[in-house]
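Undergrad: Here you go, one structure.
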Amino acid sequence: MYPPNFNYVRAGSVAEALSLIASEDDAKFLAGGHSLVPAMKLRLDAPGTLIDIGRIEDLRGIAYGSGDENDCIGPLTTHATIASSNLASALVEAAGGIGDPQVRNRGTIGGNIAHADPASDLPTVLTALEASIRVENPSNARNIDAANFFTGLFETSLEENELITVIAVPREGAGTGSAYAKLFNPASRYAVVGACASVTLNNGVVSRARVAVGGLTPMATRCGSVEAALEGRSTDAIKEASAQVASDVGDDILEDIHASAEYRLGVIPVYVERALQAACARAAG
Amino acid sequence: MGVSISLNINGEARSLDNVEPRLLLVDLIREELGLTGTNIGCDTSQCGACTVHMDGLAVKSCTVLAVQADGSDVVTIEGMAEDGQLTAMQQAFWDEHGLQCGFCTPGMIMAGVKLVEGNPDISDEEIRHGLEGNICRCTGYQNIVKAMKVAAQAAA
């Protein structure tokens with residue numbers, strides 16, 4: 001299968017990429033190409049021009065923060081690099097479970113979140129971890145909270161001429177732990193459902209809980225009811241709190257040949273519980 | 001509008017003019033360079049039959065544009081044996097009967113080489129997990145895993 005025809009231009013710097021996106025009609029950025037190229041082969045996308053940003057070294061790699069500073073991930077950082085990093089445990093865990101080794105060697109975090117596949121893992125994790133996504137256009141830069149970045153099925157709040165330049169993720173201090181648990185599609189390894197939890201423990205009490213789920217909703221969804229049911233209580237409340245997820249996910253539940261909506265709703269509390277248990281175990285050190 | 005690219009393929013520098021931007025790396029390898037050991041199976045980055053090494057990493061060449069490989073070192077199954085001498089992984093596939101129809105074999109070998117690299121005592125579980133991206137439709141995994149364990153030891 002060939003992708004539809006397109007013009008190809010290569011950007012050598014962020015400035016060049018931004019100037020190209022402003023001047024080309026119907027253009028898209030190409031990073032690792034592991035979401036965009038398959039989508040083009042299936043004729044789900046047909047941009048007129050691809051601006052290859054894959055060689056801009058400024059956009060690759062991880063800068064670890066110190067103290068309260070965030071860890072900053074360049075959008076061209078591959079899943080393989082994240083899977084062997086010292087970033088928040090849930091992110092490391094989720095990146096290591098994407099696709100397979102070959103896919104992780106090419107697929108990038110920036111491409112992944114710009115694509116915003118509802119069955120993807122990283123949107124769920126970045127939402128739970130309260131990551132911030134920095135985007136730039138030729139004249140401006142802005143930071144978008146992950147919760148506002150994903151807006152729907154394959155939709156984000158990225159404007160047409162904006163480029164993701166940094167994904168900033170809070171560091172996990174002492175007493176905080178995170179985890180990601182998913183039901184793998186056995187062929188593609190995409191999440192049929194996935195759950196991410198980040199928890200802070202204080203003398204056996206959950207003082208802070210952040211939970212998000214994906215795979216069953218059009219976009220990653222924060223679970224305020226689960227969080228509220230757990231905060232201020234001991235880890236014994238995890239099972240009960242996990243059951244609250246039904247009131248967080250709304251009525252628009254995805255279904256496909258892999259799982260019905262009913263099945264996804266039935267199984268999601270189990271994965272929320274698993275993510276919370278693992279996050280608490282890590283928080284307890 | 002064609003693009004000029006140059007890459008190192010199995011140790012040989014090659015330059016190609018007028019490459020269509022939508023040409024996939026696997027099609028460049030098979031059609032333009034005539035190296036048909038790399039197979040196209042699913043063409044949707046799942047089966048791994050098209051696995052090659054690009055700058056030292058195993059990648060699925062059905063999901064890489066040829067223009068993205070410009071300037072890269074690419075190694076295919078044809079670049080493995082030197083002077084007719086099979087590599088440890090190839091020999092182990094022969095000795096352990098790690099293939100049936102043989103279609104997935106080039107991709108299995110290219111993925112396997114990277115999987116066992118620096119891990120001579122790799123476990124069955126690690127191999128099976130690491131082969132998530134390579135499908136054998138003959139379901140001959142038993143001997144594929146055996147071959148990779150033997151090769152891991154032999155390469156150490």
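The values are calculated or read from the model by the stated rules, or taken from the named source; none is laboratory data. Just so we're clear, the structure is a prediction, and the values are computed from it rather than from any experiment. In this analysis, Cβ positions are derived from the backbone assuming ideal geometry, glycine residues included, and neighbour counts consider all displayed protein chains. These area figures cover heavy atoms from the full protein model, side chains too; ligands, DNA and RNA do not enter into them. Shrake-Rupley method; radii C 1.70, N 1.55, O 1.52, S 1.80 Å.
Undergrad: Name every residue in segment A:140-159 that is touching a residue at least 12 places away in the same chain (Cβ under 8 Å) and not in a strand (DSSP E or B), in order of residue number.
TA: Once the filter is applied, which keeps residues that are touching a residue at least 12 places away in the same chain (Cβ under 8 Å) and not in a strand (DSSP E or B), segment A:140-159 yields A:146, A:147, A:149, A:153, A:154, A:157, A:158, A:159.
Undergrad: Moving on to the next point. Go through the residues of segment A:113-134 one by one and say whether even a single one is basic (Lys, Arg) and within 14 Å of chain B (Cβ to nearest Cβ).
TA: No, segment A:113-134 has no match at all.
Undergrad: Looking only at helices (runs of 4 or more DSSP H) that lie completely in segment A:1-89, which have at least 2 residues being farther than 24 Å from residue A:143 by Cα?
TA: Hits in segment A:1-89: A:36-41, A:79-83.
Undergrad: Let me ask another. Only residues in segment A:218-235 that are touching a residue at least 12 places away in the same chain (Cβ under 8 Å) count as the first member; pair them with residues that are among the acidic types (Asp, Glu) and in a helix (DSSP H, G or I), Cβ under 7 angstrom, at least 6 apart or cross-chain, and list the lot.
TA: A:229/A:240
Undergrad: Sticking with this one: Looking at segment B:38-45, can you tell me whether even one residue there is within 14 Å of another protein chain (Cβ to nearest Cβ), part of a strand (DSSP E or B) and buried (at least 18 other Cβ atoms within 10 Å of the Cβ)?
TA: No.
Undergrad: Within segment A:220-285, considering only helices (runs of 4 or more DSSP H) that don't extend past its boundaries, which have at least 1 residues that are within 17 Å of residue A:183 (Cα to Cα) and open to solvent by 40 Å² or more (accessible area, probe 1.4 Å)?
TA: Output list reads A:261-283.
Undergrad: Something else: Collect the residues in segment A:89-143 that are open to solvent by 30 Å² or more (accessible area, probe 1.4 Å) and in contact with a Pro (Cβ under 7 Å, 6 or more places away or on another chain), keeping them in residue-number order.
TA: Result: A:130, single match.
Undergrad: Scanning segment A:203-219 for residues that are of a type outside the set (A, V, I, L, M, F, W, C) and farther than 16 Å from residue A:277 by Cβ, which turns out surrounded by the most Cβ atoms within 10 Å (Cβ to Cβ)?
TA: A:214
Undergrad: Just the residues that are aliphatic (A, V, I, L, M) and touching a strand residue (DSSP E or B) at 6+ places or on another chain (Cβ under 6 Å), please, taken from segment A:81-108.
TA: Across segment A:81-108, the qualifying residues are A:87, A:88, A:90, A:94.
Undergrad: For segment B:79-96, how many residues are in contact with a helix residue (DSSP H, G or I) (Cβ under 9 Å, 6 or more places away or on another chain) and assigned to a helix (DSSP H, G or I)?
TA: Number of matching residues: 8.
Undergrad: Looking only at segment B:10-27, how many residues end up being under 22 Å from the mean Cα position of the chain (by Cα) and within 12 Å of another protein chain (Cβ to nearest Cβ)?
TA: Final tally of qualifying residues: 6.
Okay, residues lined up against (1) open to solvent by 30 Å² or more (accessible area, probe 1.4 Å); (2) within 10 Å of another protein chain (Cβ to nearest Cβ); (3) touching a residue at least 40 places away in the same chain (Cβ under 8 Å); (4) part of a helix (DSSP H, G or I):
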site	(1), (2), (3), (4)
B:8	yes, no, yes, no
B:29	no, no, yes, yes
B:49	no, no, yes, no
B:59	no, yes, no, no
B:98	no, no, yes, no
B:106	no, no, yes, yes
B:111	no, yes, yes, yes
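Undergrad: Assess whether residue B:75 counts as being closer than 22 Å to residue B:147 by Cα, buried (at least 22 other Cβ atoms within 10 Å of the Cβ) and touching a His at 6+ places or on another chain (Cβ under 8 Å).
TA: no
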